[in-house]
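First up is the structure itself, then whatever we jot down about it.
The values are calculated or read from the model by the stated rules, or taken from the named source; none is laboratory data. What you are looking at is a predicted structure, and each value in this text was computed from that prediction instead of being measured. With ideal geometry, Cβ positions are generated from the backbone for all residues, glycine too; neighbour counts draw on all protein chains shown.
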Amino acid sequence: MNSKFLSFLTLNKQHLTGRTLYLFVLVAFLVALAIKLSLYYMVKDDQSLYYAGELLSIWSDDAAHYGDIAKKIIVGESIQINHNLTAYLVAYTTMYSPFSVEQVMLFLPAVVSSLVVIPIVLAFNSLRLFWLGFFNALLLSSVLGFYIRTHLGYADTDMLIILFLATLSSSIIIKLRTKNILNDAIITLSIFLLLLTYHAGIYLIVPIVGLLVLFALFEKKYEYFDSLILVAFGMLLYKLINYNVFINISAWLGFILYILNSKLLTKIDLKVLKIVTLVTGLLFASLNYTNIETKIRSYTDATLDKKVTATMKDGKEIYLMNAQATVQESKILDYKATLKFLNNYEYIFYISFIGSLLLSIRYKHLNFLLIWIYLSIAGTFLGGLRFALFGGYSY
């Protein structure tokens, strides 16, 4: 093919910049959004899905919960923002747009979840793998496991969780390639917002922290330690939200001063940083091991239909239905059905998985995104369909 034509299409480039990069990022977002909005055009003429003249906006139980809280926020009720960020997003979008709560709840999941493609494309571009990231982003929204938890009307925490996780992972990858204060701030804000969104957000941060610690201990690069400090700032800022204004302002000022002067870290000997990281990592692991194990068991045991809770004096056992077992997202399907949720087609799953492993070896920093594929596979087989959400990158 003519090289000038290739140049025009930028197909011979693996690293884009400026307006060309922004154009393709916009295209990826619009394609992802179009896939999500296709459901609207499929059902908009079905009158059985309308109530009081509007298309039903609540397509999940949790959406009803956050919608109810959003309405209270709109009328001025005082609602804590901690773990109610989804409701606040719905409320403020409604307040500052011409749309009703019902319309916002219907379309917001499609818009927010489609934003996930942006950090993914930027991360791959920083590794000079632009086209791989671009086409991965185009396919992401069609992966069944990702789609069913971010579709129209699914105004749950999932849309924000996957966005903040993708942003966190991608920002760390970009940081390890280029120094940028804005990117540093995004790492901390992603942690802060993830914890503010999801009550179990800390468990989603652990794999990223674990990778950073491993890289920090075995490689000679200050950026790993810098990233760990930025993650720690995000956790600290979240922990302080219930304290007085003075403490919060002080913490935020401390964070700003750090990102403006993070080069000071390079004045500390790497060996000292590695010792501090190792000690801190072991301390964190020992203090949180029981909590992490309990959380994992709560997901894997959720698939049990019954659980012995007590034995009577006459030797009879009392069984109580496991509440988690009644949740559809905790359901474990057979092998082939599970693969369909992870990657739509069984044979593509195998090819993609092998490709992911090869990328893990060739581009080590890409593991900050690829780790979610491996955790998604393990989680979906052991803990139910909810974990398929994180496996969309496996295309």
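Details
- Considering the conditions (1) of a type outside the set (Phe, Trp, Tyr); (2) surrounded by 20 or more Cβ atoms within 10 Å (Cβ to Cβ); (3) assigned to a loop (DSSP other than H, G, I, E, B), residue 170 is excluded by exactly one of them, (3).
- Residues that are among the hydrophobic types (A, V, I, L, M, F, W, C) and farther than 23 Å from residue 172 by Cβ within the stretch 144-158 comprise 144, 148, 152, 155, listed in sequence order.
- One residue stands out in the stretch 186-226 among those that are farther than 15 Å from residue 367 by Cβ and of a type in the set (Gly, Ala, Ser): the one that is surrounded by the most Cβ atoms within 10 Å (Cβ to Cβ), namely 190.
- Every residue from the stretch 98-134 that is more than 19 Å from the chain's Cα centre (by Cα) and closer than 26 Å to residue 175 by Cα: 125, 126, 127, 128, 129, 130, 131, 132
- One residue stands out in the stretch 238-284 among those that are in a loop (DSSP other than H, G, I, E, B), of a type in the set (A, V, I, L, M, F, W, C) and free of Cβ contacts under 8 Å to residues at least 60 places away in the same chain: the one that is farthest from residue 84 (Cα to Cα), namely 268.
- Check on residue 97, hydroxyl-bearing (Ser, Thr, Tyr), farther than 21 Å from residue 149 by Cβ and at pLDDT 90 or above: yes
- Test: residue in the stretch 150-160 that is of a type in the set (A, V, I, L, M), closer than 18 Å to residue 390 by Cβ, part of a helix (DSSP H, G or I) and modelled with pLDDT of 85 or more: yes
- The set of residues in the stretch 70-90 that are crowded, with 19+ Cβ neighbours inside 10 Å and assigned to a helix (DSSP H, G or I) comprises 70, 73, 85, 86, 87, 89, 90.
- Of everything in the stretch 93-125 that is of a type in the set (S, T, N, Q) and not in a helix (DSSP H, G or I), the residue that is surrounded by the fewest Cβ atoms within 10 Å (Cβ to Cβ) is 97.
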